[in-house]
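FYI, it's all coordinate maths here, none of it is from the lab. Small disclaimer: the values here were computed from a predicted structure and weren't measured. No Cβ is skipped: glycine too gets one built from the backbone with ideal geometry, and neighbour counts run over all protein chains shown.
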Amino acid sequence: MGKRNLAETIRETTRRHLEEENGLLLGQSVSAVGWVNGTVPDTRGIVELPMTDVAGAGFAVGAAMVGRRPFFVIRFQDFLVLNGSPLINYAAKVKELHGQSAPVFIRAIAAEGIGPVHSTVLHGMFMHFPGFKICAPMSPGEYEKIYTSFMKDDDPYYVSEHRFAYQNKEEFEDIIRDDADITIFLASSPRLFAAEASKTLEKEGTKCNIIHLLWLKPFTCSEAVIRGLKKSGKGLVIDAGHEICGASRSIAYELGMASGVMVHALGLKDHTKCLCPPLQNKAPEVDEIVAKVRNILKLK
Amino acid sequence: MQRSCDLNVEKGIAESFSPETSLALWQKMCEVRYFEQGAVDAIKAGEINYQVYLSSGQEAAAASFSLCINKYQVFAQHRAHDIFLTFGAPPEMLRDELRGLPSGCSRGRAGSNCLQYHENGMHMYGHHGLIAENVPLGVGAALGNNKQTLCIFGDGSAEEDYVSPSLGFAATHKLPVLFVCMDNNYSILTKTEVRRSWNMNEVAKSYGLPAVDIADDPWTVLKHTRELSTQLPAFINIRVCRGYWHAGVGIDGTLEWDRFNMVKHELNELGLADKAAKIETSVCKKMEQIWAKEILLKPLEKQLEDI
Ligand SMILES: Cc1ncc(C[n+]2csc(CCOP(=O)(O)OP(=O)(O)O)c2C)c(N)n1
């Protein structure tokens, strides 16, 4: 068997969780319609939820409180506006208030190009609330890393997945170079376009540091990265969510404060994601990343 | 079904219980009543500065639960001093929670409407202030550990979007959950008849749950709780009268019925007047000590030191 892609890794990680860790997986129609892009294994511990998008999250949180560490599958992150209350108001607060815990593993899955309430990334909204650990794994190794971390932790995890990454088998590497003109930090689906954008820019003579963000909250950054950012003198954070009050601006602020460097942000425009191009308001891909860098560096 | 103090209460039911049981019910009712009397006095004296949600008037049902299902994991709502106290959590910890002290049951961080207690075999989870949020949580816990679970909510909370599907999910998965609606006929100040045309018993029955609609006579509650505890998931609607305002210590006129005094009267009829009076006096004294001025007026630094 060759290397596993991300979807297969999620499925096998889940299988281990259900078969060996007494875990549960809750979600709507998870054992149909392609088993959530092949990420759900056919094994015990799967609970088909009825189409109840507030109570369903409550069931998952209740199961978490009694130690079952449930995976709670949300096919489209948009649905988390409905499912959010038990997660935000109970799971994420129960530790600080009562010293109890509700470690639920929220598989918040994103997509692109399928309309106004099936294409959104909401990790930025959840970053707003205290009590969550928030990550956006885009590779098999990253997924295994965050699962291991979850099993040692007692916080609810918001795991921001993206369908664009499901076939990915490769790991991402940061690039920090002495002669960089700008340091680009990327989260979620834009990461998949980082290498190509960087190549395009290099052809024009612009050299980029590329930093991949797995953990969005709590957000930490190594000394080496801050040094690289300082040396390059300019920063940019790119994310798949809306820019206003989103992860891109929030992390840009933290990096700016940590480095004293002006760090820009690029997320979605303040518009609805419509079905048809050019109004899809897609997450930044190569062209948009390149254009933003040129703009920051005042090129062309 | 018409709301009344004797809704589905069999005549003479109290006589079918042992004197010990009747007195134990009374003891529990007194614990809630006199604890809260102390709290009310402390609030009026300005010694508590946070909001409280009082159970007085409704305490009979919790007293009954505490005699038969006190090992259940409980997912209670905002008005839950009665469950906390009758199920055996320490009144001192409730007192200090109401005062926002680190010696409170949630270290003073959560307050009257968010009570939790997880010691001495008790598993009481509360909500965080969103009415009925505890209901799906309790159902999820029952799914997770298959333990008998009590989910309590009010007649207003019963209307929240997530309550009906919780009954449905418990029915589908045959979860051991007892759902209880403490029906005082008010959501804050809005009467049920103004809010909806349907009743919760019919909703529960439509999901296939056995359901009863009864007044808060503690013997009746005890009987039905025992019966339904072998047929979970099940639903009980209990007609109660809230003694105080929705929040705080105000009182609006006289109670529709006064269960506390009705029970006292019934104990007299059962020939238990002396014993009941002794219990009442001793509980009253205990609660006076818990709320003693020396404790409340001790400077905060000294109290924290003691803790
Ligand atoms: C989700 C939510 N909606 C509204 C409120 C405001 N609220 C607090 S208590 C209450 C009434 C609840 O009535 P009921 O469930 O019958 O319980 P009772 O207070 O009568 O014991 C309301 C509407 C709230 N706290 N949470």
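Here the peptides B:18-26, B:140-148 are ranked by packing, the mean other Cβ count within 10 Å, and the order with the highest first is B:140-148, B:18-26.
For the range A:129-231, the equivalent ellipsoid derived from the Cα gyration tensor has semi-axes of 27, 17, 10 Å, listed largest first.
Go through A:93/B:278; B:28/B:298; A:95/B:223 and tell me which ones have a Cα-Cα distance over 32 Å in this structure. Write out the running numbers ahead of the final one.
Values: A:93/B:278 43 Å; B:28/B:298 29 Å; A:95/B:223 37 Å.
Those over the limit are A:93/B:278; A:95/B:223.
Once the mean 1/r over all distinct Cα pairs of the range A:182-298 is inverted, what Kirkwood radius in angstroms do you read off? Its Kirkwood hydrodynamic radius stands at 14.2 Å. For helix A:247-259, what angle does its Cα long axis make with the longest principal axis of chain A, in degrees from 0 to 90 and rounded to 10? Here the helix axis deviates by roughly 60 degrees. Mind jotting down the distance between the C-alpha centroids of the range B:290-307 and the range A:260-300, whole Å? For the range A:260-300 versus the range B:290-307, the Cα centre distance is 59 Å.
Among the DSSP helices (H) of chain B, those spanning at least 30 angstrom by Cα along their long axis with an average Kyte-Doolittle hydropathy of -0.5 or more are B:19-44; this is a geometric and hydropathy rule only. Taking the centroid of alpha carbons for each part, the range B:101-148 and the range B:22-83 are 15 Å apart.
Helix A:55-65 and the longest principal axis of the Cα set of chain A meet at an angle near 80°. Here the translational diffusion coefficient of chain B follows from Stokes-Einstein with Rh set to the Kirkwood radius across Cα pairs; for 4 °C and 1.567 mPa s it amounts to 66 µm²/s.
Ranked by the mean number of other Cβ atoms within 10 Å per residue, highest first, peptides B:76-87, B:205-216, A:72-83 order as B:76-87, A:72-83, B:205-216.
Remark: mean inter-chain Cβ contacts per residue of B:102-112 equal 2, using a 10 Å Cβ-Cβ cutoff to other protein chain atoms. Basic side chains Lys and Arg get +1 at the Cβ, acidic Asp and Glu get -1 at the Cβ, and with that the dipole of the range B:160-226 about its Cα centre reaches some 200 debye.
Exposure proxy for A:216, B:228: other Cβ atoms within 10 Å of each Cβ, ordered fewest to most, give B:228, A:216. Treating each Cα of chain A as an identical point scatterer and summing with the Debye formula, the log10 of I(q)/I(0) at q = 0.12 Å⁻¹ comes to -0.77. With 20 Å as the limit, the listed pairs A:231/A:298; A:217/A:269; A:133/A:273 have A:217/A:269; A:133/A:273 beyond it between alpha carbons. Take each residue in A:61-73, count the other chain C-beta atoms within 10 Å of its C-beta, and the mean is 5.
Each helix, a run of at least 4 DSSP H residues, gives -39500 (n - 2.57); summed and divided by the residues of chain A, these come to -10000 deg cm²/dmol at 222 nm. As a ratio to 2.2 N^0.38 Å, the alpha-carbon radius of gyration for the range A:6-165 is 0.93.
In summary, the lysines within cross-link reach of residue A:3, defined as a Cα separation below 25 angstrom excluding same-chain residues under 8 places away, comprise A:145, A:169.
Between helix A:223-232 and chain A there is an angle of about 40 degrees, using the helix long axis and the longest principal axis of the Cα atoms. Count Lys and Arg as plus one, Asp and Glu as minus one, and take only other residues whose Cβ is under 11 Å from that of residue A:113; the net charge is then +2.
A cut-off of 5 Å between modelled amide H atoms, ignoring neighbours fewer than 5 places along the same chain, links residue A:29 with A:49.
Charging the Cβ of each Asp and Glu at -1 and of each Lys and Arg at +1, and nothing else, the dipole of the protein assembly as shown about its Cα centre rounds to 1240 debye.
Per residue of B:140-150, other chain Cβ atoms within 10 Å of the residue Cβ number 6 on average. Counted over all Cα-Cα pairs of the protein assembly as shown, pairs farther apart than 39 Å make up 40 percent.
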